[in-house]
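Written below as structure tokens is the structure these notes are about.
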Amino acid sequence: MSMELRILAAPREQQALLDLPWDMPLEQWPEWYLVALPRGISRHVVRFTRLGGNVYALKEIVKPYADREYQMLRDLARLDVPAVQAVGVVSGREAPGGESLDSVLVTRHLQFSLPYRALFARMMRRDTVDRLIDALVVLIARLHLTGFYWGDCSLSNTLFRRDAGAFAAYLVDAETGELHNGLSDGQRAHDLDTARTNIAGEMMDLLAAGQLDESVDPIGVSDQVVERYEALWTELTEWEAFDVNERWRIARRVDRLNELGFDVDELDIVTDIGGRTIRVQPKVVDPGHHSRRLLRLTGIDAQENQARRLLNDLDTYAAVTEQQGEDEEIVANAWVMDSYEPVLRAIPRDLRGKLEGPEIFHEVLEHRWYLSENLGRDIGLEEAARDYADTVLRHKPDELAILGGTSAEADTTQPFRITWSDLQ
Amino acid sequence: MATVTFDKATRIYPGTDKPAVDALDLAIEDGEFLVLVGPSGCGKSTSLRMLAGLEEVDGGAIRIGDRDVTHMPPKDRDIAMVFQNYALYPHMTVADNMGFALKIAGVSKDEIRRRVGDAAKLLDLAEYLDRKPKALSGGQRQRVAMGRAIVREPQVFLMDEPLSNLDAKLRVSTRTQIASLQRRLGITTVYVTHDQVEAMTMGDRVAVLNAGLLQQVDSPLGLYDKPSNVFVAGFIGSPAMNIATFDVKDGRATLGNADVAIPASISSKVAAEGSDTVVLGFRPESLLPASAEETGGIPVLVDVVEELGSDAYVYGRPAGPAAEEQADRLRSDQIIARVEPRNAPQKGEKINFTVRPGSEHFFSVKTGERLEP
């Protein structure tokens, strides 16, 4: 019985995908199809390929799992969760000899993303570890708010993007995930317990490999994951009670959530019968407070901290140009023309693949601050941008498409998955 | 190690009135390998997750040994979810790979060394403890991963469809490996699968669930020989049992010209429930080819012959004068019979089958429950 090759994907990408040698196991694909050797932890064969300017990750996996993960990633995208984007599933593959081959799940590689192993390629400092953990904790909390149980949370199953000195985390592997209406305390606790074990293991391995500063304590770091998660979760979901005279605390709760990057769309407020005590609980919180505001005002798509940074600069701009009373959108438009775009234009084209636009702008702001302090005078943004490009950006690695890892032989340098079939 | 008890454990998902798991009563013995099996949505995974602490329990209780764990957080339950796969860390020794989770849990160094040593002995890994995973074979690596779960010395192992991402051939050979490892370890294990063959080959006992209700729990052979209702009869066994509704009259069950003598006790039980029909089940191996003249048989037109070497199965449909009525009253759209592989019929042939006396299963048409002669 001959099967039909089926490519489930958007038409534009279907065309490009058609040209790949699907009648061959991924493992045997000739190198000219591939952009790099497989990196990162996976229990399946994973390869990267470049088509029409985009990099795609291909994962060979049994069909029900490919279909399920494809659907899951689509659902997560619909829910606006930071995750890699599913492009399609190729099924019904057959080798020339007639034997059937597993399906392939195709995802688009996340531009400017970094696997944690790439971040550790040079010795990693304590504060970098803290920032990675913070990003991961925000991701887990966001997933849990949407009812997603990860099942296998780890640094390996996450990609990081720079975010104005911090990181933003993206989910890469949804194979073990489940989407529920809401999560039970047990599911959250178990997810966190898995995360904690995996992260400690990954850190211990880095330590054993000499890639982690000796001052970093893997167990301390993994404890931190739990503590920070609990603190964030409490802020996001707990009831808070206070006296009727302390109503300002409602506004403060909202401010704190905004500060953490969450919008409060719905707040439940209950007054007791005597009317002396007010209890509030955020009902619907939406992450991306600053990045949404920046996008609305300027059309710039940025990570949360980058957006915060850019908005601060926008506020400063409004004050300096005495436009505080003006319509927000008009000022924002002027700021893009006067500040943001000139900075990016000042960066030579060949250096623009090193970092994302908003990240470059953030770094230029930092650079201007240091430069002005050293010179004892305030230097202009464009001058700072040119100096930054020459003295800093030029020496950074290109991060547009880093696929991670440090060695061709993944088995010897990175954690690897073993499956039951190995028992044979 | 410990027993596991579900005591009228119930889970009702918010926004639904029908329980996903309905008053489950199940006592699992110390060291037992118990398999939960059933079609999708039957409540098997939910039951396992209730035991793991991932699902809330809305009614009843769950106990591990004498401890009531109904509302206990997962990590305090002394259970280990055995994953489909574990990560192994290449720069860490086998001993560290096995023991690092204990370090996180704050277990003392001496205690970790003892537990890792014990587990390594059990898994034949004692001489590899100082090596890196790279130096091990695939099977040894998998045992290191198992070691990670074992050193926690859990009371219970939980496995949720651990073989589902393997292809069919690997699944068959791996299930024996897991079962034999479990027997060697002697740790009480609850295993979930949708595959009744997997359930039958692995479990000491198998619990069959359907629509949130426990249908039967018994040894694999017990389920096969004495299914307690029509659902279990149809679900357990591959190929499936032939099941049809027969008329009961004068100590005989008839369907068209098919005619089977039935015990007097069955006749009276059918009469007692005010009925004149009975559900009759017969496994493929209970059908015997008979000569065309022999009365009481079911003429079957052969559609497909499945040759397995050791066995052959005939898939066909009723083809006698009462074919239409017989086909209507059959639970599936075909009749399946095991035949001599050296003497198998051809597609398109017509064969007269009779049911081997005494091998029939009887079920009430009213309740679906088994009727014992």
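Could you pull out the residue among A:Glu328, A:Glu322, A:Glu341, A:Glu304 that is of a type in the set (Asp, Glu) and in contact (Cβ under 8 Å) with a residue 60 or more places away in the chain? Give the steps one after another, and end with the answer.
Details: A:Glu328 fails: in contact (Cβ under 8 Å) with a residue 60 or more places away in the chain; A:Glu322 fails: in contact (Cβ under 8 Å) with a residue 60 or more places away in the chain; A:Glu341 fails: in contact (Cβ under 8 Å) with a residue 60 or more places away in the chain.
The match here is A:Glu304.
Would you pick out the residues in the stretch B:108-151 that are closer than 30 Å to B:Ser47 by Cβ and surrounded by fewer than 20 Cβ atoms within 10 Å (Cβ to Cβ)?
Hits for the stretch B:108-151 are B:Arg115, B:Leu122.
Mind counting the residues in the stretch B:68-99 that are closer than 19 Å to A:Leu155 by Cα and either touching a residue at least 40 places away in the same chain (Cβ under 8 Å) or surrounded by fewer than 20 Cβ atoms within 10 Å (Cβ to Cβ) (or both)?
Summing the residues that are closer than 19 Å to A:Leu155 by Cα and either touching a residue at least 40 places away in the same chain (Cβ under 8 Å) or surrounded by fewer than 20 Cβ atoms within 10 Å (Cβ to Cβ) (or both) in the stretch B:68-99 gives 10.
Could you tell me whether any residue of the stretch A:133-145 is over 16 Å from the mean Cα position of the chain (by Cα) and within 13 Å of another protein chain (Cβ to nearest Cβ)? Explain how you work it out, then say what you get.
Going through the stretch A:133-145, the residues over 16 Å from the mean Cα position of the chain (by Cα) turn out to be A:145.
Narrowing the set further to residues that are within 13 Å of another protein chain (Cβ to nearest Cβ) leaves none.
Checked the stretch A:133-145: no residue is over 16 Å from the mean Cα position of the chain (by Cα) and within 13 Å of another protein chain (Cβ to nearest Cβ).
Among A:Gly177, A:Gly182, A:Gly186, which is within 14 Å of another protein chain (Cβ to nearest Cβ), crowded, with 21+ Cβ neighbours inside 10 Å and in contact (Cβ under 8 Å) with a residue 12 or more places away in the chain? Quick ask: steps written out before the conclusion?
Numbers: A:Gly182 fails: crowded, with 21+ Cβ neighbours inside 10 Å; A:Gly186 fails: in contact (Cβ under 8 Å) with a residue 12 or more places away in the chain.
Sole residue among the options that is within 14 Å of another protein chain (Cβ to nearest Cβ), crowded, with 21+ Cβ neighbours inside 10 Å and in contact (Cβ under 8 Å) with a residue 12 or more places away in the chain: A:Gly177.
Filter the stretch A:209-249 down to residues that are among the small types (Gly, Ala, Ser) and at pLDDT 90 or above and give me whichever is farthest from A:Lys283 (Cα to Cα).
Going through the stretch A:209-249, the residues among the small types (Gly, Ala, Ser) turn out to be A:209-210, A:215, A:220, A:222, A:231, A:241.
Now restrict to residues that are at pLDDT 90 or above: A:220, A:222, A:231.
Details: A:Gly220: 32, A:Ser222: 29, A:Ala231: 17 Å.
Among those that are among the small types (Gly, Ala, Ser) and at pLDDT 90 or above, it is A:Gly220.
Check B:Asp130, B:Asp124 and return the single one that is within 14 Å of chain A (Cβ to nearest Cβ) and touching a residue at least 24 places away in the same chain (Cβ under 8 Å). Outline the logic, then answer.
Details: B:Asp124 fails: touching a residue at least 24 places away in the same chain (Cβ under 8 Å).
Answer to the selection: B:Asp130.
Which residue pairs have Cβ atoms under 7 Å apart, sit 6 or more places apart or on different chains, and have a first residue in the stretch B:167-182 that is touching a residue at least 24 places away in the same chain (Cβ under 8 Å) and facing chain A (nearest Cβ under 10 Å) and a second that is surrounded by 13 or more Cβ atoms within 10 Å (Cβ to Cβ) and of a type in the set (Phe, Trp, Tyr)?
Between residues of the stretch B:167-182 that are touching a residue at least 24 places away in the same chain (Cβ under 8 Å) and facing chain A (nearest Cβ under 10 Å) and residues that are surrounded by 13 or more Cβ atoms within 10 Å (Cβ to Cβ) and of a type in the set (Phe, Trp, Tyr), the close pairs are B:Ile178/A:Trp420.
Restrict the check to the stretch B:276-294 and report whether at least one residue is more than 30 Å from the chain's Cα centre (by Cα) and part of a helix (DSSP H, G or I).
no
Right, B:Arg148: farther than 24 Å from A:Lys63 by Cα, within 11 Å of another protein chain (Cβ to nearest Cβ) and assigned to a helix (DSSP H, G or I) or not?
Considered against the rule, which asks whether it is farther than 24 Å from A:Lys63 by Cα, within 11 Å of another protein chain (Cβ to nearest Cβ) and assigned to a helix (DSSP H, G or I), B:Arg148 comes out as yes.
For a quick check of your reading: which helices (runs of 4 or more DSSP H) sit entirely within the stretch B:159-243 and have at least 3 residues that are small (Gly, Ala, Ser)? Steps first, answer last, please.
Numbers: elements: B:168-185, B:196-202, B:220-225, B:230-235.
In the stretch B:159-243, B:168-185 are the helices (runs of 4 or more DSSP H) which contain 3 or more residues that are small (Gly, Ala, Ser).
On the basis of being of a type in the set (Phe, Trp, Tyr) and either more than 27 Å from the chain's Cα centre (by Cα) or closer than 25 Å to A:Arg108 by Cα (or both), does A:Tyr370 make the cut?
On the way: of a type in the set (Phe, Trp, Tyr): yes; either more than 27 Å from the chain's Cα centre (by Cα) or closer than 25 Å to A:Arg108 by Cα (or both): yes.
It is true that A:Tyr370 is of a type in the set (Phe, Trp, Tyr) and either more than 27 Å from the chain's Cα centre (by Cα) or closer than 25 Å to A:Arg108 by Cα (or both).
Does the stretch B:100-107 contain any residue that is of a type in the set (A, V, I, L, M, F, W, C), surrounded by 15 or more Cβ atoms within 10 Å (Cβ to Cβ), within 33 Å of the chain's Cα centre (by Cα) and farther than 22 Å from B:Gln177 by Cα? I'd like the intermediate steps shown before the answer.
First, pick out the residues of the stretch B:100-107 that are of a type in the set (A, V, I, L, M, F, W, C): B:100-102, B:104-105, B:107.
Narrowing further to those that are surrounded by 15 or more Cβ atoms within 10 Å (Cβ to Cβ): B:100-102, B:104, B:107.
Then keep just the ones that are within 33 Å of the chain's Cα centre (by Cα); that gives B:101.
So of that shortlist, the ones also farther than 22 Å from B:Gln177 by Cα come out as B:101.
Yes, some residue in the stretch B:100-107 is of a type in the set (A, V, I, L, M, F, W, C), surrounded by 15 or more Cβ atoms within 10 Å (Cβ to Cβ), within 33 Å of the chain's Cα centre (by Cα) and farther than 22 Å from B:Gln177 by Cα.
Listed here are the residues, each with its yes/no results for (1) out of contact with any Pro (no Cβ under 9 Å at 6 or more places or on another chain); (2) under 30 Å from B:Pro19 (Cα atoms).
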{"site": "B:Val217", "(1), (2)": "yes, yes"}
{"site": "B:Ala233", "(1), (2)": "no, yes"}
{"site": "B:Ser238", "(1), (2)": "yes, yes"}
{"site": "B:Met241", "(1), (2)": "no, yes"}
{"site": "B:Phe246", "(1), (2)": "yes, no"}
{"site": "B:Asp250", "(1), (2)": "yes, no"}
{"site": "B:Ala253", "(1), (2)": "yes, no"}
{"site": "B:Ile262", "(1), (2)": "no, no"}
{"site": "B:Val270", "(1), (2)": "yes, no"}
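The values are calculated or read from the model by the stated rules, or taken from the named source; none is laboratory data. Values in this document were obtained by computation on a predicted structure and should not be read as measured data. FYI the Cβ positions are ideal-geometry reconstructions off the backbone, even for glycines, and counts take in every protein chain you see.
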